[in-house]
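> Okay, here's the structure, questions in a sec.
The values are calculated or read from the model by the stated rules, or taken from the named source; none is laboratory data. None of the values given here were measured: they were computed from a predicted structure. Here the Cβ positions follow ideal geometry from the backbone for every residue, glycine too, while neighbour counts run over all protein chains shown. For the accessible areas, the whole protein counts, side chains as well, though only heavy atoms, and no ligand, DNA or RNA atoms are used. Shrake-Rupley method; radii C 1.70, N 1.55, O 1.52, S 1.80 Å.
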Amino acid sequence: MKTIAALSTGPDEPFTLAELDIDEPRPDELLVRIEAVGLCHTDLATKAMFPDGVAVVLGHEGAGIVERVGADVTDVHPGDKVVISYASCGTCERCGSGNPAYCRNFAQLNTSGARPDGSPTLTGPDGPVVGSFFGQSSFARYALTARRNAVVVPAEADLALAASFGCGVQTGAGAVVHVLKPGPDSRLVVFGLGGVGMAAVMAAANLGVRQIVGVDLSDTRRQTALKVGATDVLDGSAPELLTTLRQLTGGGATHAFDTTAVPGVIRTAAQGLASLGTLVLVGIGPDATLDLADLMGGGKTVRGSIEGDSDPQRFIPQLVEWQLDNAFPMQEIVRVFPFSQINEAVARSHDGSAIKPVLVFDA
Ligand SMILES: [Zn+2]
Ligand SMILES: [Zn+2]
């Protein structure tokens with residue numbers, strides 16, 4: 001069948017809408033009619049990596065309605081609402097131990113550009129298109145995904161608010177819930193208040209964390225952070241940021257979370273920890289130089305995380321439940337764009353005016 005997709009054909013080329021052929025679902029796959037898809041920085045970073053002339057369909061925060069299911073799929077049905085997350089194999093020892101974000105086959109399943117057997121899911125007039133991005137390529141009206149990557153959500157879930165649970169929100173909230181695990185007396189500092197950082201703030205607020213400090217260069221974002229659960233905010237460009245942070249947190253944070261991937265910020269985040277504190281990193285950027293004597297002397301931990309160590313089948317239903325209970329105010333950070341305005345959404349993401357851009361298809 002045919003689907004409209006947003007095609008990327010080069011690092012500096014805008015997305016263009018094109019009609020492509022999408023394959024029929026294999027026995028373990030679902031065909032999903034995408035209703036909403038979040039725009040994540042990984043989409044844009046990946047777009048920049050493909051050379052001119054290579055046609056790619058990105059998109060990895062898809063959510064929609066199941067249109068058709070493969071022959072072996074018995075527990076999902078046409079009409080079900082699903083949020084699509086990253087792909088994992090389900091058979092390696094890491095998947096088996098509840099750590100699918102570290103699946104041994106992660107790269108092949110999420111970034112090889114085709115199904116694991118090499119077959120394309122999307123084809124254009126000039127042949128196969130790079131697809132299966134994060135096992136979905138959901139910058140399109142229809143997406144094929146393995147049953148395992150799709151999480152069934154309640155019919156009342158708002159897909160525009162839930163789409164980014166599949167990656168960005170699960171990363172930020174998961175880093176808090178699964179990795180940092182702050183308690184009621186903890187003092188958490190979140191560096192970078194984009195969609196991932198805001199999700200961390202919201203999750204920490206749900207855990208009843210005593211102090212949640214948001215740091216960002218944008219005053220608008222700082223004000224939004226206060227609305228979604230931050231207890232304090234600081235301007236990241238303040239000259240005495242480290243000193244101020246230490247004072248504000250009574251000598252240092254117990255937990256810190258960096259989403260900026262800026263080396264100087266990561267260094268400050270580690271230095272701003274109290275003894276035995278933990279810093280979790282989720283952004284990828286240039287190598288940072290850390291103060292090792294400070295890390296050792298303070299018994300500090302610096303740890304990376306993929307997807308907030310989340311198992312989508314367990315965590316996304318929790319996020320949807322919070323959202324439906326009005327305890328996860330995604331509406332404060334989501335900005336909806338019609339799918340056809342994907343380039344506008346990219347521009348508003350770049351200039352920082354949209355915290356979490358989500359593309360929706362008009363009914
Ligand atoms: Zn695996
Ligand atoms: Zn992402």
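> Around Arg222, what is the net charge, scoring Lys/Arg as +1 and Asp/Glu as -1 over all other residues with Cβ under 14 Å from its Cβ? Spell out each step's value before the answer.
On the way: positive: Arg221, Lys227; negative: Asp216, Asp219, Asp232, Asp235, Glu332.
The answer is -3.
> Excluding ligands, DNA and RNA, what is the solvent-accessible area per residue of the chain at a probe of 1.4 Å, expressed in Å²? Don't skip to the end; give the middle numbers.
Details: 14710 Å² over 363 residues.
Here the residues of the chain average 41 Å² of exposed surface.
> Whenever you get a sec, compute what percent of the accessible area on the range 59-137 sits on carbon and sulfur atoms (1.4 Å probe). Please report the intermediate quantities before stating the final value.
On the way: 1650 of 3260 Å².
Carbon with sulfur: 51 percent of the solvent-accessible area.
> Quick one: putting +1 on the C-beta of Lys and Arg, -1 on the C-beta of Asp and Glu, what dipole do you get for the chain around its Cα centre, in Debye to the nearest 20?
For the chain, the charge dipole is close to 780 debye.
> Further question on the same structure: Using a 7 Å offset from the Cα along the Cα-to-Cβ direction at both Arg94 and Ala45, what is the distance between the two label points in nm, to one decimal?
Going by the 7 Å Cα→Cβ label model, 1.6 nm.
> By accessible area of protein heavy atoms, probe 1.4 Å, what ranking do Tyr102, Tyr142, Tyr86 get, highest first?
On the way: Tyr102 65, Tyr142 25, Tyr86 5 Å².
The ranking, largest first, comes out as Tyr102, Tyr142, Tyr86.
> Determine which residues of the range 56-96 fall in the zone a paramagnetic label at Arg335 would reach in this model, i.e. backbone nitrogen under 15 Å from the point 7 Å along Cα→Cβ.
Taking a point 7 Å out along Cα→Cβ of Arg335, no residue of the range 56-96 has its backbone N under 15 Å.
> Something else about it: Hey, what number do you get for the chain at 222 nm if only DSSP H runs of n ≥ 4 count, each worth -39500 (n - 2.57), divided across all residues, to the nearest 500?
Values: 12 runs with 95 residues, N = 363.
Value at 222 nm, helices only, nearest 500: -7000 deg cm²/dmol.
> Please report the relative contact order for the chain, taking Cα pairs under 8 Å with a sequence separation of at least 6, and give it as a percent rounded to a whole number.
In percent, rounded to a whole number, it is 17.
> Now for a different question. On the protein heavy atoms, probe 1.4 angstrom, tell me the percent of accessible surface of the range 255-354 carried by carbon and sulfur.
Working: 2370 of 4670 Å².
So the carbon and sulfur contribution to the accessible surface is 51 percent.
> Okay, moving on. So, by mean Cβ neighbours within 10 angstrom, what's the order for 10-19, 74-83 with the highest one leading? The partial results should precede the final answer.
Details: 10-19: 13.9, 74-83: 16.1.
Ranked from most to least packed, the peptides come out as 74-83, 10-19.
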